[in-house]
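The values are calculated or read from the model by the stated rules, or taken from the named source; none is laboratory data. None of these values were measured; they are calculated from a predicted model. Here Cβ is always computed from backbone atoms with ideal geometry, including for glycine, and neighbour counts include all displayed protein chains.
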Amino acid sequence: MSHSLNIIDFARYLNIESSKSDDIHIVQYESQSEIRLQSKPIHIDFYLLAIKKNCDNNLDFGQTAFDKADYYLYFDAPDKTLSWDLKKSLSGYNILISKRTFSKYAKDYNFMHYHNHEALFVNKEEEVILLDLFKKAYSEYNKNDFSKEIVISYASLILTYIHNFYKRQFETRSKLYNKVVADFYEHLEDHFDSTLELIELPSVSYFAQKANLSSNYFGDVIKHFTGNSAQSHIHQHIIQLAKNKLRQSSLTISEIAYSLGFDYPTYFTRFFKKETGITPTVFRNQ
């Protein structure tokens, strides 16, 4: 399927009960006997929040030795691609909400753009809280004249809890993620190794790929354990290299710019002034 599925189309494709609204649909998995268990990649144009019980031990959602949970949280955002291959149906709920209805609540949460293998594995206390919210949203949705505002409020509260619970998951995996941070610093140093013939300005996604994480998840890990964003670390490293070259070499401003991966010296000058408050020339002449 090349086009993006809306909520009504997705319900039909998934073989679940029809949606009561163009903007909101909530499903309890156990009540859907004909749900589609396998799918090639499809595109969606809505938000999806789901709490699922991993009842198939062969499923690979990135669970590590640090994770000991029966339920996990899974979510997707508009314009993302989904695919799955399940051996049997899952237990739990999903909430589908249109972009126009929910974007103002969800747009500021990076985890909405995490990859599947970066799901949130909840502990028992978190499981009780989240299941209760999904159940209450589902109960409201099943009323004849359900309130969209109430369902959206539950969904928004779920996002708030997810945000806090991810902090716990980061700490639970601190041994693993401290290595991610250490590797990031090492890769940042290696990228600007003077023995390389061609230097390019690195992006957060470049280092995230090396860590086998999505850009958003990687960025949140770095920010959680260092206090600064990955982009900030990259910029600080480039500025420090630039200052060293300005102080210790006779290279021209243009030569320094190219050596750091800037396509144009004017870009480097603007970048340097934005980060330090002065131009490279003024810094060199101080």
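Tabulated data
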{"item": "Region 88-102, residues that are at pLDDT 90 or above and out of contact with any strand residue (DSSP E or B) (no Cβ under 8 Å at 6 or more places or on another chain)", "result": "Arg100"}
{"item": "Region 180-189, residues that are at pLDDT below 95 and either surrounded by fewer than 12 Cβ atoms within 10 Å (Cβ to Cβ) or within 11 Å of Leu241 (Cα to Cα) (or both)", "result": "Glu186, Glu189"}
{"item": "Qualifying positions in region 262-276 - part of a helix (DSSP H, G or I) and surrounded by fewer than 17 Cβ atoms within 10 Å (Cβ to Cβ)", "result": "Pro265, Thr266, Tyr267, Arg270, Lys273, Lys274, Glu275, Thr276"}
{"item": "Tyr154 at pLDDT 95 or above and either touching a Phe, Trp or Tyr at 6+ places or on another chain (Cβ under 7 Å) or part of a helix (DSSP H, G or I) (or both)", "result": "yes"}
{"item": "Count of region 1-16 residues which are out of contact with any Asp or Glu (no Cβ under 6 Å at 6 or more places or on another chain), in a loop (DSSP other than H, G, I, E, B) and exposed (fewer than 14 other Cβ atoms within 10 Å of the Cβ)", "result": "3"}
{"item": "In region 103-123, residue nearest to Ile158 (Cα to Cα) [restricted to those that are part of a helix (DSSP H, G or I) and of a type in the set (Gly, Ala, Ser)]", "result": "Ala106"}
{"item": "Single unsatisfied condition, Asp145 versus (1) among the acidic types (Asp, Glu); (2) part of a helix (DSSP H, G or I); (3) over 22 Å from Gly219 (Cα atoms)", "result": "(2)"}
{"item": "Positions within region 17-45 being without any contact (Cβ under 8 Å) to a residue 60 or more places away in the chain and assigned to a helix (DSSP H, G or I), in sequence order", "result": "Ser31"}
{"item": "Some residue of region 227-241 being under 27 Å from Asn123 (Cβ atoms), out of contact with any Asp or Glu (no Cβ under 7 Å at 6 or more places or on another chain), among the polar types (S, T, N, Q) and in a helix (DSSP H, G or I)", "result": "no"}
{"item": "Residue within region 52-75 that is at pLDDT 90 or above, surrounded by 14 or more Cβ atoms within 10 Å (Cβ to Cβ) and part of a loop (DSSP other than H, G, I, E, B) present", "result": "no"}
{"item": "Filtered residues of region 156-169 (kept if surrounded by fewer than 18 Cβ atoms within 10 Å (Cβ to Cβ) and under 16 Å from Glu118 (Cβ atoms))", "result": "His163, Lys167, Arg168"}
{"item": "Every pair of residues 6+ apart whose Cβ atoms lie under 8 Å, when the first sits in region 126-139 and is surrounded by 15 or more Cβ atoms within 10 Å (Cβ to Cβ) while the second is among the charged types (D, E, K, R) and modelled with pLDDT under 95", "result": "Glu126/Arg168; Glu127/Asp70"}
{"item": "Scope region 233-256; condition of a type outside the set (Val, Ile, Thr), surrounded by 15 or more Cβ atoms within 10 Å (Cβ to Cβ) and under 14 Å from Glu275 (Cβ atoms); matching residues", "result": "His233, His235, His237, Leu241, Ala242, Lys243, Leu246"}
{"item": "Checking Ile199 against (1) surrounded by fewer than 17 Cβ atoms within 10 Å (Cβ to Cβ); (2) in a helix (DSSP H, G or I), the condition it does not meet", "result": "(2)"}
{"item": "Single condition Asn216 does not satisfy, out of (1) touching a residue at least 60 places away in the same chain (Cβ under 8 Å); (2) of a type outside the set (Phe, Trp, Tyr); (3) surrounded by fewer than 16 Cβ atoms within 10 Å (Cβ to Cβ)", "result": "(3)"}
{"item": "Looking only at region 190-210, and only at residues there that are modelled with pLDDT of 90 or more and among the small types (Gly, Ala, Ser), the one that is farthest from Met112 (Cα to Cα)", "result": "Ser203"}
{"item": "Pairs with Cβ under 8 Å, 6+ apart, first in region 100-117 and in contact (Cβ under 8 Å) with a residue 24 or more places away in the chain, second among the basic types (Lys, Arg)", "result": "Thr101/Lys148; His113/Lys80"}
{"item": "Test: residue in region 22-39 that is at pLDDT 90 or above, within 22 Å of Arg100 (Cβ to Cβ) and loosely packed, with under 14 Cβ neighbours inside 10 Å", "result": "yes"}
